[in-house]
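S.K.: Questions regarding the structure given below will be posed in turn.
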Amino acid sequence: MNKTKGIITVTLAAIIFGFTPILGKFSYLEGSNTLSLTFYRSFMSLPVIYAILKAKKIPMSVSKSELSKLTFLGILGPSLTALMLYGAYNYIPVGTTTTIHYIYPVLVTAVCIIFFKEKISREKIAAVVLSTIGISMFFEGDISQSTAGILLAIVSGCFYGAFIIFIDKSGVKGMHPLKFCFYTCVSSSAFLFIFGIITKSLVFHMTFAGWIYTFLVSIFVSIIANSLMQIGIRHVGSTITAIVGMFEPITSVIMGIIFLNEPFTLKNTIGSIFIIAAVSILTLAKETTTETNN
(Lines give C-alpha, C1' and ligand atoms only; values in the text may rest on other atoms or scores of the structure.)
Protein backbone atom coordinates (compact mmCIF):
# COMPACT_ATOMS: atom_id res chain seq x y z
CA MET A 1 0.00 0.00 0.00
CA ASN A 2 1.42 3.36 -1.06
CA LYS A 3 -0.57 6.27 0.39
CA THR A 4 1.29 8.93 -1.58
CA LYS A 5 0.48 7.14 -4.85
CA GLY A 6 -3.11 6.67 -3.71
CA ILE A 7 -3.64 10.34 -2.85
CA ILE A 8 -2.06 11.46 -6.13
CA THR A 9 -4.18 9.11 -8.26
CA VAL A 10 -7.42 10.04 -6.48
CA THR A 11 -6.58 13.75 -6.81
CA LEU A 12 -5.99 13.34 -10.54
CA ALA A 13 -9.27 11.42 -10.86
CA ALA A 14 -11.12 14.18 -9.00
CA ILE A 15 -9.60 16.84 -11.25
CA ILE A 16 -10.71 14.92 -14.34
CA PHE A 17 -14.22 14.43 -12.91
CA GLY A 18 -14.22 18.16 -12.21
CA PHE A 19 -13.39 19.44 -15.68
CA THR A 20 -15.34 16.97 -17.84
CA PRO A 21 -18.73 18.60 -17.02
CA ILE A 22 -17.52 21.55 -19.10
CA LEU A 23 -17.16 19.20 -22.09
CA GLY A 24 -20.57 17.81 -21.20
CA LYS A 25 -22.15 21.26 -21.32
CA PHE A 26 -20.58 21.82 -24.73
CA SER A 27 -22.07 18.52 -25.95
CA TYR A 28 -25.54 19.63 -24.79
CA LEU A 29 -25.25 22.65 -27.06
CA GLU A 30 -24.57 20.26 -29.95
CA GLY A 31 -27.70 18.13 -29.48
CA SER A 32 -26.92 15.80 -26.57
CA ASN A 33 -28.58 15.56 -23.13
CA THR A 34 -27.63 14.30 -19.68
CA LEU A 35 -28.79 10.71 -20.08
CA SER A 36 -27.22 10.38 -23.53
CA LEU A 37 -23.90 11.73 -22.28
CA THR A 38 -23.98 9.29 -19.37
CA PHE A 39 -24.74 6.37 -21.71
CA TYR A 40 -22.21 7.24 -24.40
CA ARG A 41 -19.40 7.95 -21.94
CA SER A 42 -19.60 4.26 -20.96
CA PHE A 43 -20.52 2.78 -24.34
CA MET A 44 -17.94 4.64 -26.46
CA SER A 45 -15.10 3.61 -24.16
CA LEU A 46 -15.69 -0.12 -24.65
CA PRO A 47 -13.86 -0.66 -27.98
CA VAL A 48 -10.93 1.45 -26.76
CA ILE A 49 -10.59 -0.48 -23.49
CA TYR A 50 -11.02 -3.80 -25.29
CA ALA A 51 -8.29 -2.94 -27.79
CA ILE A 52 -5.88 -1.96 -25.02
CA LEU A 53 -6.61 -5.12 -23.04
CA LYS A 54 -5.97 -7.28 -26.12
CA ALA A 55 -2.81 -5.35 -27.06
CA LYS A 56 -1.41 -5.76 -23.57
CA LYS A 57 -2.57 -9.38 -23.47
CA ILE A 58 -4.42 -8.84 -20.20
CA PRO A 59 -6.73 -11.79 -19.44
CA MET A 60 -10.37 -10.74 -19.59
CA SER A 61 -11.86 -13.70 -17.78
CA VAL A 62 -13.65 -13.09 -14.49
CA SER A 63 -15.39 -15.40 -12.05
CA LYS A 64 -19.17 -15.42 -11.65
CA SER A 65 -18.78 -13.69 -8.31
CA GLU A 66 -16.59 -10.95 -9.81
CA LEU A 67 -18.99 -10.51 -12.74
CA SER A 68 -21.96 -9.99 -10.43
CA LYS A 69 -20.01 -7.48 -8.34
CA LEU A 70 -18.83 -5.56 -11.41
CA THR A 71 -22.34 -5.53 -12.85
CA PHE A 72 -23.68 -4.12 -9.60
CA LEU A 73 -20.93 -1.47 -9.52
CA GLY A 74 -21.61 -0.44 -13.11
CA ILE A 75 -25.27 0.18 -12.32
CA LEU A 76 -24.63 1.81 -8.94
CA GLY A 77 -21.87 4.25 -9.87
CA PRO A 78 -21.77 5.32 -13.54
CA SER A 79 -25.53 4.85 -13.93
CA LEU A 80 -27.67 5.56 -10.86
CA THR A 81 -25.33 8.11 -9.26
CA ALA A 82 -25.11 10.11 -12.48
CA LEU A 83 -28.86 9.95 -13.15
CA MET A 84 -29.70 11.18 -9.65
CA LEU A 85 -27.07 13.93 -9.76
CA TYR A 86 -28.03 15.17 -13.23
CA GLY A 87 -31.68 14.97 -12.24
CA ALA A 88 -31.05 17.24 -9.25
CA TYR A 89 -29.51 19.85 -11.55
CA ASN A 90 -32.94 20.24 -13.15
CA TYR A 91 -34.48 21.40 -9.86
CA ILE A 92 -31.83 23.19 -7.80
CA PRO A 93 -28.64 25.18 -8.58
CA VAL A 94 -25.39 23.36 -9.32
CA GLY A 95 -23.72 24.74 -6.19
CA THR A 96 -26.55 23.51 -3.97
CA THR A 97 -26.57 20.11 -5.68
CA THR A 98 -22.82 19.78 -5.29
CA THR A 99 -22.99 20.68 -1.60
CA ILE A 100 -25.66 18.09 -0.85
CA HIS A 101 -24.08 15.41 -3.06
CA TYR A 102 -20.82 15.74 -1.15
CA ILE A 103 -22.31 14.33 2.01
CA TYR A 104 -20.77 11.07 0.80
CA PRO A 105 -17.35 11.47 2.54
CA VAL A 106 -19.13 11.75 5.89
CA LEU A 107 -21.33 8.76 5.01
CA VAL A 108 -18.34 6.69 3.92
CA THR A 109 -16.46 7.50 7.13
CA ALA A 110 -19.49 6.68 9.28
CA VAL A 111 -20.18 3.37 7.52
CA CYS A 112 -16.53 2.31 7.79
CA ILE A 113 -16.53 3.04 11.53
CA ILE A 114 -19.93 1.54 12.37
CA PHE A 115 -20.15 -1.48 10.08
CA PHE A 116 -16.52 -2.32 9.30
CA LYS A 117 -15.10 -1.36 12.72
CA GLU A 118 -12.34 0.71 11.16
CA LYS A 119 -10.22 2.88 13.42
CA ILE A 120 -10.30 6.43 12.12
CA SER A 121 -7.32 8.59 13.02
CA ARG A 122 -7.57 12.14 14.33
CA GLU A 123 -6.10 13.33 11.04
CA LYS A 124 -8.91 11.67 9.06
CA ILE A 125 -11.56 13.12 11.36
CA ALA A 126 -10.02 16.59 11.03
CA ALA A 127 -9.89 16.16 7.24
CA VAL A 128 -13.57 15.15 7.10
CA VAL A 129 -14.56 18.18 9.20
CA LEU A 130 -12.46 20.64 7.17
CA SER A 131 -13.59 19.23 3.81
CA THR A 132 -17.24 19.29 4.88
CA ILE A 133 -16.93 22.93 5.94
CA GLY A 134 -15.18 23.62 2.64
CA ILE A 135 -17.82 22.03 0.48
CA SER A 136 -20.56 23.91 2.37
CA MET A 137 -19.02 27.12 0.99
CA PHE A 138 -20.21 26.07 -2.48
CA PHE A 139 -23.84 26.21 -1.34
CA GLU A 140 -26.13 28.46 -3.38
CA GLY A 141 -29.70 29.52 -2.75
CA ASP A 142 -32.48 28.44 -0.45
CA ILE A 143 -32.45 24.78 0.62
CA SER A 144 -36.27 24.80 0.78
CA GLN A 145 -36.65 25.63 -2.91
CA SER A 146 -37.22 22.09 -4.20
CA THR A 147 -37.82 18.91 -2.23
CA ALA A 148 -37.36 16.76 -5.35
CA GLY A 149 -33.96 18.28 -6.17
CA ILE A 150 -32.73 17.95 -2.60
CA LEU A 151 -33.82 14.31 -2.38
CA LEU A 152 -32.17 13.48 -5.71
CA ALA A 153 -28.91 15.10 -4.58
CA ILE A 154 -28.97 13.21 -1.27
CA VAL A 155 -29.61 9.90 -3.05
CA SER A 156 -26.79 10.59 -5.51
CA GLY A 157 -24.41 11.11 -2.59
CA CYS A 158 -25.58 7.91 -0.92
CA PHE A 159 -25.17 5.92 -4.14
CA TYR A 160 -21.67 7.28 -4.76
CA GLY A 161 -20.61 6.60 -1.19
CA ALA A 162 -21.88 3.03 -1.53
CA PHE A 163 -20.01 2.74 -4.84
CA ILE A 164 -16.69 3.70 -3.21
CA ILE A 165 -17.21 1.42 -0.20
CA PHE A 166 -18.22 -1.54 -2.37
CA ILE A 167 -15.09 -1.23 -4.49
CA ASP A 168 -12.99 -1.16 -1.32
CA LYS A 169 -14.69 -4.02 0.52
CA SER A 170 -15.90 -6.38 -2.22
CA GLY A 171 -12.49 -7.64 -3.31
CA VAL A 172 -12.44 -6.12 -6.83
CA LYS A 173 -10.07 -3.24 -6.03
CA GLY A 174 -7.08 -5.47 -6.81
CA MET A 175 -8.35 -6.20 -10.32
CA HIS A 176 -6.53 -4.66 -13.28
CA PRO A 177 -7.98 -1.14 -13.67
CA LEU A 178 -8.83 -1.53 -17.36
CA LYS A 179 -10.58 -4.86 -16.81
CA PHE A 180 -12.52 -3.24 -13.98
CA CYS A 181 -13.50 -0.33 -16.24
CA PHE A 182 -14.49 -2.61 -19.11
CA TYR A 183 -16.99 -4.69 -17.16
CA THR A 184 -18.50 -1.78 -15.24
CA CYS A 185 -18.92 0.10 -18.52
CA VAL A 186 -20.66 -2.92 -20.10
CA SER A 187 -23.24 -3.12 -17.31
CA SER A 188 -23.64 0.67 -17.18
CA SER A 189 -24.16 0.86 -20.95
CA ALA A 190 -26.77 -1.91 -20.92
CA PHE A 191 -28.70 -0.37 -18.02
CA LEU A 192 -28.65 3.17 -19.44
CA PHE A 193 -29.58 2.01 -22.95
CA ILE A 194 -32.69 0.23 -21.64
CA PHE A 195 -33.56 3.21 -19.43
CA GLY A 196 -33.05 5.64 -22.30
CA ILE A 197 -35.24 3.65 -24.69
CA ILE A 198 -38.04 3.30 -22.13
CA THR A 199 -37.99 7.01 -21.28
CA LYS A 200 -37.38 8.01 -24.93
CA SER A 201 -34.59 10.33 -23.79
CA LEU A 202 -31.64 8.72 -25.59
CA VAL A 203 -30.25 10.89 -28.40
CA PHE A 204 -28.94 9.26 -31.58
CA HIS A 205 -28.31 12.40 -33.61
CA MET A 206 -26.02 15.30 -32.70
CA THR A 207 -23.44 17.43 -34.49
CA PHE A 208 -19.92 16.22 -35.23
CA ALA A 209 -18.62 18.50 -32.49
CA GLY A 210 -21.12 16.96 -30.10
CA TRP A 211 -19.78 13.46 -30.80
CA ILE A 212 -16.21 14.70 -30.28
CA TYR A 213 -17.05 16.25 -26.90
CA THR A 214 -18.88 13.07 -25.90
CA PHE A 215 -15.96 10.86 -26.94
CA LEU A 216 -13.53 13.00 -24.94
CA VAL A 217 -15.74 12.68 -21.86
CA SER A 218 -15.80 8.93 -22.41
CA ILE A 219 -12.00 8.65 -22.57
CA PHE A 220 -11.34 10.96 -19.64
CA VAL A 221 -14.04 9.63 -17.31
CA SER A 222 -14.70 5.98 -18.14
CA ILE A 223 -11.09 5.02 -18.82
CA ILE A 224 -8.66 7.43 -17.15
CA ALA A 225 -10.54 8.80 -14.12
CA ASN A 226 -12.24 5.51 -13.17
CA SER A 227 -8.95 3.64 -13.46
CA LEU A 228 -7.17 6.21 -11.31
CA MET A 229 -9.90 6.10 -8.69
CA GLN A 230 -9.78 2.31 -8.44
CA ILE A 231 -5.98 2.44 -8.04
CA GLY A 232 -6.41 5.11 -5.38
CA ILE A 233 -8.95 3.05 -3.42
CA ARG A 234 -6.53 0.11 -3.54
CA HIS A 235 -3.81 2.20 -1.86
CA VAL A 236 -5.67 4.48 0.56
CA GLY A 237 -9.08 2.90 1.11
CA SER A 238 -12.56 4.35 0.83
CA THR A 239 -12.41 7.05 3.53
CA ILE A 240 -9.40 8.95 2.18
CA THR A 241 -10.64 8.48 -1.39
CA ALA A 242 -13.94 10.14 -0.46
CA ILE A 243 -12.19 13.09 1.20
CA VAL A 244 -9.63 13.69 -1.54
CA GLY A 245 -12.44 13.43 -4.11
CA MET A 246 -13.57 16.87 -2.94
CA PHE A 247 -11.00 18.34 -5.31
CA GLU A 248 -13.69 17.79 -7.96
CA PRO A 249 -15.82 20.87 -7.15
CA ILE A 250 -12.71 23.05 -6.95
CA THR A 251 -11.79 21.98 -10.47
CA SER A 252 -15.36 22.53 -11.67
CA VAL A 253 -15.35 26.09 -10.33
CA ILE A 254 -11.98 26.89 -11.91
CA MET A 255 -13.03 25.43 -15.27
CA GLY A 256 -16.28 27.38 -15.07
CA ILE A 257 -14.29 30.59 -14.62
CA ILE A 258 -11.96 29.82 -17.53
CA PHE A 259 -14.44 28.49 -20.09
CA LEU A 260 -17.88 29.77 -19.03
CA ASN A 261 -16.96 33.13 -17.48
CA GLU A 262 -18.53 32.10 -14.18
CA PRO A 263 -17.67 34.20 -11.08
CA PHE A 264 -15.27 32.94 -8.42
CA THR A 265 -16.64 34.22 -5.11
CA LEU A 266 -14.95 34.70 -1.75
CA LYS A 267 -16.99 31.76 -0.39
CA ASN A 268 -15.65 29.50 -3.15
CA THR A 269 -12.11 30.63 -2.37
CA ILE A 270 -12.50 29.89 1.35
CA GLY A 271 -14.13 26.55 0.58
CA SER A 272 -11.27 25.58 -1.73
CA ILE A 273 -8.72 26.48 0.97
CA PHE A 274 -10.50 24.27 3.51
CA ILE A 275 -10.57 21.32 1.10
CA ILE A 276 -6.91 21.73 0.18
CA ALA A 277 -6.08 21.92 3.91
CA ALA A 278 -7.96 18.65 4.49
CA VAL A 279 -6.00 16.85 1.78
CA SER A 280 -2.75 18.36 3.08
CA ILE A 281 -3.47 16.94 6.54
CA LEU A 282 -3.93 13.48 5.08
CA THR A 283 -0.70 13.75 3.10
CA LEU A 284 1.36 15.05 6.04
CA ALA A 285 -0.12 12.37 8.30
CA LYS A 286 1.15 9.75 5.89
CA GLU A 287 4.62 11.23 5.79
CA THR A 288 4.78 11.38 9.58
CA THR A 289 3.74 7.75 9.85
CA THR A 290 6.38 6.71 7.34
CA GLU A 291 9.08 8.53 9.22
CA THR A 292 8.00 6.93 12.49
CA ASN A 293 8.10 3.44 11.00
CA ASN A 294 11.55 4.05 9.65
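S.K.: Too long at a 24 Å Cα-Cα cut-off: which of Lys169/Lys267; Lys64/Lys179; Lys54/Lys173; Lys119/Lys267; Lys64/Lys169; Lys117/Lys173?
M.R.: From Lys169/Lys267; Lys64/Lys179; Lys54/Lys173; Lys119/Lys267; Lys64/Lys169; Lys117/Lys173, over 24 Å: Lys169/Lys267; Lys119/Lys267.
S.K.: May I pose another question? May I ask you to compute the full-extension gain from Phe259 to Thr207, defined as 0.36 nm times their residue separation minus their alpha-carbon distance, rounded to one decimal in nm?
M.R.: Between Phe259 and Thr207, full extension yields 16.7 nm more.
S.K.: Please label the shape of the stretch 89-185 as rounded, prolate or oblate, based on the square roots a ≥ b ≥ c of the eigenvalues of the alpha-carbon gyration tensor (a/c under 1.5 means rounded; beyond that, a/b larger than b/c means prolate, else oblate).
M.R.: oblate
S.K.: Label the stretch 1-134 by shape, choosing from rounded, prolate and oblate, from the square roots a ≥ b ≥ c of the eigenvalues of the Cα gyration tensor; if a/c is under 1.5 it is rounded, and otherwise prolate applies when a/b is larger than b/c, oblate when it is not.
M.R.: Oblate, because a/c is 1.5 or more while a/b does not exceed b/c.
S.K.: Using DSSP loop states and a limit of at most 15 other Cβ atoms within 10 Å to flag trypsin sites (Lys or Arg not before Pro), what is the longest stretch of the chain containing no flagged site?
M.R.: Within the chain, the longest run free of exposed trypsin sites (Lys or Arg not before Pro) spans 201-294.
S.K.: Mind putting together the pair-distance distribution for the stretch 19-84? All Cα pairs, 10 Å bins, whole percent per bin, short to long.
M.R.: 17, 38, 31, 13, 0
S.K.: Over the chain, with a Gaussian network built from C-alpha contacts below 10 Å, which listed residue (Gly171, Gly18, Gly256) shows the highest mean-square fluctuation?
M.R.: Result: Gly171 has the largest fluctuation of those listed.
S.K.: If you plug each phi of the stretch 9-22 into the Karplus form 6.51 cos²θ - 1.76 cosθ + 1.60 with θ = phi - 60°, what whole-Hz ³J(HN,Hα) values come out, in order, with x for Gly and Pro?
M.R.: 5, 5, 4, 4, 4, 5, 5, 5, 4, x, 9, 5, x, 5
S.K.: Sticking with this structure for a sec: For Tyr86, tell me the accessible area in Å² from a 1.4 Å probe, rounded to the nearest 10.
M.R.: In the full protein context, Tyr86 sits at about 40 Å².
S.K.: So for Leu266, Leu178, what's the accessible-area order with a 1.4 Å probe, most first?
M.R.: Highest to lowest solvent-accessible surface, that is Leu266, Leu178.
S.K.: Cα convex hull of the chain: mean projected area in nm², to one decimal?
M.R.: 16.2 nm²
S.K.: Still on this structure, I have one more. May I ask you to evaluate 6.51 cos²θ - 1.76 cosθ + 1.60, the Karplus curve with θ = phi - 60°, for each residue of the stretch 64-79 and list the ³J(HN,Hα) values in order in whole Hz, giving x for glycine and proline?
M.R.: So the Karplus estimates, Gly and Pro as x, are 4, 5, 5, 4, 5, 5, 5, 5, 4, 5, x, 6, 5, x, x, 9 Hz.
S.K.: Over the stretch 150-294, what percent of the accessible surface lies on carbon and sulfur atoms, probe 1.4 Å?
M.R.: Using a 1.4 Å probe with all protein chains present, the stretch 150-294 comes out at 73 percent carbon and sulfur.
The values are calculated or read from the model by the stated rules, or taken from the named source; none is laboratory data. In this text, all values refer to a predicted model and were calculated from it rather than measured experimentally. FYI the Cβ positions are ideal-geometry reconstructions off the backbone, even for glycines, and counts take in every protein chain you see. Surface areas here come from the heavy atoms of the whole protein model, side chains and all, with no ligands, DNA or RNA. Shrake-Rupley method; radii C 1.70, N 1.55, O 1.52, S 1.80 Å.
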